[in-house]
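Asker: I have a structure I would like to understand better, so I am pasting it below and will then ask my questions one at a time.
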């Protein structure tokens, strides 16, 4: 009778090892490829004994490729995990990380920064602040007679998203078509091309947000039963919602502010996770984190190596990810959704 | 006394729904909550579960005032089987039943192996242990109700509150569910508060030899309480529902008697 318990322990251990090792593997992989041709030997030396290689190799590996890969990992993990969390909170498998107007809010912030302050560091600052502002506004917009239900919150998010989207249009209209409009357009396609170590400051809110969700991961199952049942099962629904929605908003806002809008990841990575290991959030949350990080590092790697000019990562995510998703959908027969 | 409701008054948008209602549920006892649509059955259950907190009067659960209890404290004393449950994510049956252990899991905790054993035992108790690893979205309506009952059992509470659990079940599944419930009251000494539209349910439990009481709610009138035989008379049914009905008693050769309600017709408007 001991045998099943042992094999189960082994399975869990393997899963945890895979979840940790896989992103590390993709991170290393990201260091070896890029526009600047570096032999594998040079990259290895740059990693192990930086003094022995030329400056260009050191800079390429340590100051260009590594921070970029790290940023991609954090952004991918954040978007995926907040998508998974929102799906459970709102009891809707079609919801993604942008549900509370975060992306449009961040987009408006970026537009303001580009048009009024010439972009630069203001883009990150403004998009982060406006993304969080959008969430708070959604919450208030969804407040009907002092109560906020998940349905009215989604409604609030849609309203606020539409409002900011109109504001973005205004900014595009008044932006200088030669110097500012391209910046806005590229921001909306998403990119990691200008990421350096200073941008990794955004990893702090992402890490905090992911931790908040990670700690509440089993409670997400209970929350997805609906507020009434969750309360009857002994869950402090308000506190749990606050933790999860707060965490997911922090994650998404910080992710969007360094990468621009990258849609799709927050919807589909959680679903790939669901097909692979099931719907239990206890496993799904860490799996989404790991898969999201791997996926985004891979997409970033492709976006900077596939063609001479960099392909915006938002486009690539959708172009490569969708056929893969269809393949998985066929293969797992939809993961019990029917 | 597990549940002790005294002088409960609840108003909805200024309109009184429940007035001066007193009700008790003891362990090993089943109390059937009857009444037409909109008479306040679900509201009463919500008050007992601590979901509605704006009533006047007092409700105590295992000796403690529900208004002073935290959510985990409430969930340790009363479990709930909802009227309808719409599955969103295809969790496995065991994962759903494990949610019954929320109150014991702590703020950031998750159920452990001991909880898993409790949940498997709960599934065995309602006879669906074989389904443990199946997605609960693939079950039939009757099986789903048994999963929800198992989840309530996993909470290990002295009181279970059920809101029209059999309203969507077929003939056989309804009986299966009621028999399981009767067995729990009889052998596990659980107290049950059951809201139902089926007026034959109280008779069924009475026939099974359970301590059964029926409470008839009726909008704008004081609630009536009594044994099924005393309460469910043609007069009561005519007054509360406006339905002419007869209570039939069938006696079998072995001496057992079964009461059922036969509907004769709706009340003719010109008579009264």
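Taken together, the values in this text are just the output of simple stated rules run on the coordinates, not laboratory data. What you see is a predicted model, and the numbers here were worked out from it, not measured in a lab. Cβ coordinates were reconstructed from backbone atoms using ideal geometry, including for glycine residues, and neighbour counts include every protein chain displayed.
Asker: Order of A:259-266, A:228-235, B:166-173 by packing, highest average Cβ count within 10 Å first?
Answerer: A:259-266, A:228-235, B:166-173
Asker: On to the next question. Just to confirm my numbers, what's the Cα centroid distance between region B:85-149 and region A:93-143 in Å?
Answerer: Using only Cα atoms, the two centres lie 40 Å from each other.
Asker: Using R₀ = 51 Å, calculate the FRET efficiency as 1/(1 + (r/R₀)^6) where r is the Cβ-Cβ separation of residue B:64 and residue A:179; round to 0.05.
Answerer: For R0 = 51 Å, the calculated efficiency reads 0.15.
Asker: Can I ask one more? Going by C-beta contacts inside 10 Å, put B:61, A:137, A:100 in order with the fewest on the left.
Answerer: A:137, B:61, A:100
Asker: What is the gain in length, in nm to one decimal, between residue A:238 and residue A:117 on full extension, counting 0.36 nm per residue of separation less the C-alpha to C-alpha distance?
Answerer: 39.6 nm
Asker: Using Cα atoms only, what is the angle between the long axis of helix B:113-125 and the major principal axis of chain B, expressed in degrees (0 to 90) to the nearest 10?
Answerer: Helix B:113-125 sits roughly 30 degrees off the main axis of chain B.
Asker: Within 10 Å of each Cβ in peptide A:215-221, how many partner chain Cβ atoms are there on average? Round it to a whole number, please.
Answerer: Shielding by partners across A:215-221 averages 5.
Asker: Per residue of A:29-39, what is the mean number of Cβ atoms on other protein chains within 10 angstrom of that residue's Cβ?
Answerer: If you average over the peptide's residues, the count of other-chain Cβ atoms is 0.
Asker: So what's the angle, to the nearest 10 degrees on a 0 to 90 scale, between helix B:171-188 and the longest Cα principal axis of chain B?
Answerer: Roughly 70 degrees, rounded to the nearest 10.
Asker: Quick one: which of A:127-136, B:38-47 comes out on top by average Cβ neighbours within 10 Å, and what's the full order, highest first?
Answerer: Averaged packing, sorted descending, gives the order A:127-136, B:38-47.
Asker: Can you grab the distance from the C-alpha centre of region A:163-209 to the C-alpha centre of region A:257-330, Å, no decimals?
Answerer: 20
Asker: In degrees between 0 and 90, to the nearest 10, how far off the longest principal axis of chain B does helix B:141-154 point, with axes built from Cα atoms?
Answerer: For B:141-154 against chain B, the angle is about 70 degrees.
Asker: What's the FRET efficiency of residue A:17 with residue A:44 using the Cβ-Cβ distance as r and R₀ = 35 Å, to the nearest 0.05?
Answerer: So the FRET efficiency works out to roughly 0.90.
Asker: Take every DSSP beta bridge whose two residues both sit in the protein assembly as shown, then give the antiparallel share in percent to the nearest 5.
Answerer: That works out to approximately 60 percent antiparallel.
Asker: Let a ≥ b ≥ c be the square roots of the eigenvalues of the Cα gyration tensor of region A:19-331; is it rounded (a/c under 1.5), or, if not, prolate (a/b larger than b/c) or oblate?
Answerer: In terms of gyration-tensor shape, oblate.
Asker: Another question about this same structure. Could you compute the FRET efficiency for residue A:322 and residue B:84, with r as their C-beta to C-beta distance and R0 at 30 Å, rounded to 0.05?
Answerer: According to the calculation, E is roughly 0.25.
Asker: Moving on. Per-residue Cβ counts within 10 Å, from other chains only, averaged over B:108-116: what number is that?
Answerer: Mean shielding by partner chains, rounded to a whole number: 2.
Asker: Is any residue of region B:128-158 close enough, with backbone N under 15 Å, to a label point placed 7 angstrom from the Cα of residue B:170 along the Cα-Cβ axis, and if so, which?
Answerer: B:139-145
Asker: What nm distance separates the two modelled labels at residue A:194 and residue A:62, each placed 7 Å from Cα along Cα→Cβ?
Answerer: 2.5
Asker: How do B:140-147, A:269-276 rank on mean C-beta neighbours within 10 Å, highest first?
Answerer: A:269-276, B:140-147
Asker: Would you mind classifying the protein assembly as shown by shape? Square roots of the alpha carbon gyration tensor eigenvalues, ordered a ≥ b ≥ c; an a/c under 1.5 is rounded, otherwise it is prolate if a/b is larger than b/c and oblate if not.
Answerer: It is prolate, given that a/c is not under 1.5 and a/b is the larger ratio.
Asker: Continuing with this model, one more query. Let me know the shape class of region B:4-152, please: from the alpha-carbon gyration tensor, a ≥ b ≥ c as square roots of the eigenvalues, rounded when a/c is under 1.5, otherwise prolate if a/b is greater than b/c, or oblate.
Answerer: Prolate shape, in that a/c is at least 1.5 and a/b is the bigger ratio.
Asker: Sticking with the crude label model, points 7 Å out along Cα→Cβ, report the distance from residue B:56 to residue B:20 in nm, one decimal please.
Answerer: Placing both labels 7 Å beyond Cα along the Cβ direction yields 1.2 nm.
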